[in-house]
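Structure below; questions to follow.
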Ligand code: BES
Ligand code: MN
Ligand code: ZN
């Protein structure tokens, strides 16, 4: 684990990083004449990362651009943090301290965030883990304008993202719906939030028809977890509820998916749940002054002998009857129950996160979250702003009435799939039937899981949503 530390003044740390202005750098005065000449030559050569080897010490000069757009500016520093992490690892460095006299402290934090997020590794299933482990152990932020608390907050948030990533990266052979609930209980104890898990009989008792229908093809029981963070100094009287899709594996059910490039990474279909779990970890660790509820319906979706079938009509928790025409549209079935259950909290706002549609991937790729909403502008714009800040950006899709036509059924209240067009929106329209409060739906199917490495986001489970929601709550 990488330890993040804060110091107000430089100590005798051996490896030092300086964040300098790319356009007009002020060279640190303790560079020798030769080092200055080398640095100047490298800088003229447009190098953004200069390494000065004073073995056993190493100095690094990192050049960044002053930008008008704060969002892009912060992202630039995260990416520089990632590049630096890679360079330090090649040099097998264990300790580095970083400082800047030119940039505002937020940018130093963003650099540290980029370094820290790059440190994630999922090595559980390798025999020789030690050989693969990144070398860095400690990063010291030297800046009198920062505080130990600010650095600690960042460290907790990064740990929260790592928990989310780890849960996504765990395959079904470990992470069943029951195991996911156990993980939630474990993390609730570690971080200090409350958690309660409904087992199958409680789920039956509550009448979660959608969750039970999807679970019918599985040999493992479903779970439904309720998370709560309620500090004494909560600023809101009505809670904010977060719902996360917890499909621990999506085969498509009887509407079976092809394996290659489709089913093979569907262990990531609980990324919405992972984001919510990560959020609660960060909120509790950092003691956010807000009352929050989290709901995580979970099961795998399989074509077992008793699997729900196209043509089935399912009575949902809300009482609405749904004609199932595609068992691969299972996410909306389990979310619907959690969304109607959320009503009992009389929430100020409900946000759901789900890897809901392939159509969202087609529309916005891995760069954006497809957002739909019934919430007012104030909350929604705040979330959009948070998205820019953490670089988990949102694109709004409309929930116009006309799209609702596609999910009208001949035999029941609604059906669970629309036509080929606007697939993410018809999924949103389906969920809307189960909401009776200000609501935002986030389809994270694109950015939840990456097939090749992308800077500090990494590869595999990204944990998208945790930093977004945490930032949103900080701004709330
Ligand atoms: N989990 C998938 C959506 C998905 C696809 C997530 C690709 C990440 C990457 C979801 O359950 C699903 O299968 N959706 C169907 C809906 C369709 C049957 C209406 C889809 O998008 O094909
Ligand atoms: Mn599916
Ligand atoms: Zn799914």
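The values are calculated or read from the model by the stated rules, or taken from the named source; none is laboratory data. Everything quoted here is computed from the prediction, not taken from an experiment. Virtual Cβ from ideal backbone geometry, glycine too; neighbours counted across all protein chains shown.
So residue 436 ticks every box in (1) surrounded by fewer than 18 Cβ atoms within 10 Å (Cβ to Cβ); (2) within 16 Å of ligand 1 (Cβ to nearest atom); (3) over 22 Å from the mean Cα position of the chain (by Cα) but one. Which box is left unticked?
If we test residue 436 against (1) surrounded by fewer than 18 Cβ atoms within 10 Å (Cβ to Cβ); (2) within 16 Å of ligand 1 (Cβ to nearest atom); (3) over 22 Å from the mean Cα position of the chain (by Cα), just (2) comes out false.
Of the conditions (1) within 10 Å of ligand 3 (Cβ to nearest atom); (2) assigned to a helix (DSSP H, G or I), residue 213 clears all except one; give me its number.
(1)
Does at least one position in the stretch 388-411 carry a residue that is crowded, with 24+ Cβ neighbours inside 10 Å, more than 16 Å from ligand 3 (Cβ to nearest atom) and closer than 23 Å to residue 228 by Cβ?
no
Also: Name the single residue, out of those in the stretch 424-433 being under 24 Å from the mean Cα position of the chain (by Cα) and more than 16 Å from ligand 2 (Cβ to nearest atom), that is farthest from residue 314 (Cα to Cα).
The extreme case among them is 425.
Any idea which of (1) touching a residue at least 12 places away in the same chain (Cβ under 8 Å); (2) closer than 21 Å to residue 281 by Cα is the one residue 186 doesn't satisfy?
Among (1) touching a residue at least 12 places away in the same chain (Cβ under 8 Å); (2) closer than 21 Å to residue 281 by Cα, the lone unmet condition for residue 186 is (1).
The rows are residues; the columns are (1) surrounded by fewer than 24 Cβ atoms within 10 Å (Cβ to Cβ); (2) away from ligand 3 (no atom under 15 Å from the Cβ); (3) touching a residue at least 60 places away in the same chain (Cβ under 8 Å).
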residue: 273; (1), (2), (3): no, no, yes
residue: 279; (1), (2), (3): no, yes, yes
residue: 285; (1), (2), (3): yes, yes, yes
residue: 289; (1), (2), (3): yes, yes, no
residue: 295; (1), (2), (3): no, yes, yes
residue: 304; (1), (2), (3): yes, yes, yes
residue: 314; (1), (2), (3): yes, yes, yes
residue: 320; (1), (2), (3): yes, yes, yes
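Oh, and also: Any residue in the stretch 284-303 that is more than 25 Å from residue 343 (Cα to Cα), more than 12 Å from ligand 2 (Cβ to nearest atom) and touching a helix residue (DSSP H, G or I) at 6+ places or on another chain (Cβ under 9 Å)?
yes
If you don't mind, another one. Across the stretch 290-314, which residue is nearest to ligand 1 (Cβ to nearest atom) among those that are assigned to a strand (DSSP E or B) and either modelled with pLDDT under 95 or under 14 Å from residue 415 (Cβ atoms) (or both)?
Restricting attention to the stretch 290-314, the residues satisfying the condition of being assigned to a strand (DSSP E or B) are 292-301, 313-314.
Now narrow it down to the ones that are either modelled with pLDDT under 95 or under 14 Å from residue 415 (Cβ atoms) (or both): 313-314.
Values: 313: 17, 314: 15 Å.
By that ranking, first place goes to 314.
Can I ask one more? What about residue 276, is it modelled with pLDDT of 95 or more, farther than 16 Å from residue 172 by Cα and out of contact with any helix residue (DSSP H, G or I) (no Cβ under 6 Å at 6 or more places or on another chain)?
Working: modelled with pLDDT of 95 or more: yes; farther than 16 Å from residue 172 by Cα: yes; out of contact with any helix residue (DSSP H, G or I) (no Cβ under 6 Å at 6 or more places or on another chain): yes.
Yes.
Of all strands (runs of 3 or more DSSP E) completely enclosed by the stretch 221-262, which ones contain at least 1 residues that are more than 16 Å from ligand 2 (Cβ to nearest atom)? If you could, list the steps in order and put the result at the bottom.
Details: elements: 223-229, 240-244, 246-250.
Output list reads 223-229, 240-244.
Does residue 157 satisfy being under 29 Å from residue 81 (Cβ atoms), crowded, with 19+ Cβ neighbours inside 10 Å and touching a residue at least 12 places away in the same chain (Cβ under 8 Å)?
Yes.
Would you confirm whether any residue within the stretch 120-132 is crowded, with 18+ Cβ neighbours inside 10 Å, closer than 30 Å to residue 66 by Cα and in contact with a strand residue (DSSP E or B) (Cβ under 7 Å, 6 or more places away or on another chain)? First the steps, then the outcome.
Narrowing the stretch 120-132 to residues crowded, with 18+ Cβ neighbours inside 10 Å: 120.
Next cut, closer than 30 Å to residue 66 by Cα only: 120.
Now narrow it down to the ones that are in contact with a strand residue (DSSP E or B) (Cβ under 7 Å, 6 or more places away or on another chain): 120.
Yes, the stretch 120-132 contains at least one residue that is crowded, with 18+ Cβ neighbours inside 10 Å, closer than 30 Å to residue 66 by Cα and in contact with a strand residue (DSSP E or B) (Cβ under 7 Å, 6 or more places away or on another chain).
Next question. Taking residue 218 as the residue in question, decide whether it is more than 25 Å from residue 119 (Cα to Cα) and exposed (fewer than 15 other Cβ atoms within 10 Å of the Cβ). Walk me through how you get there before you give the answer.
Working: more than 25 Å from residue 119 (Cα to Cα): yes; exposed (fewer than 15 other Cβ atoms within 10 Å of the Cβ): no.
So residue 218 fails the test.
Out of the stretch 326-340, which residues are within 14 Å of ligand 1 (Cβ to nearest atom) and surrounded by 17 or more Cβ atoms within 10 Å (Cβ to Cβ)?
Within the stretch 326-340, 327, 328, 329, 330, 331, 332, 333, 334, 335, 336 meet the criteria.
Can you name every residue in the stretch 129-155 that is within 23 Å of the chain's Cα centre (by Cα) and assigned to a helix (DSSP H, G or I)?
149, 150, 151, 152, 153, 154, 155 - these are the residues of the stretch 129-155 that are within 23 Å of the chain's Cα centre (by Cα) and assigned to a helix (DSSP H, G or I).
Now for a separate question. Please verify whether residue 358 is within 16 Å of ligand 3 (Cβ to nearest atom) and surrounded by fewer than 23 Cβ atoms within 10 Å (Cβ to Cβ), treating the condition exactly as stated. Before the answer, list the steps.
Details: within 16 Å of ligand 3 (Cβ to nearest atom): yes; surrounded by fewer than 23 Cβ atoms within 10 Å (Cβ to Cβ): yes.
Yes, satisfied.
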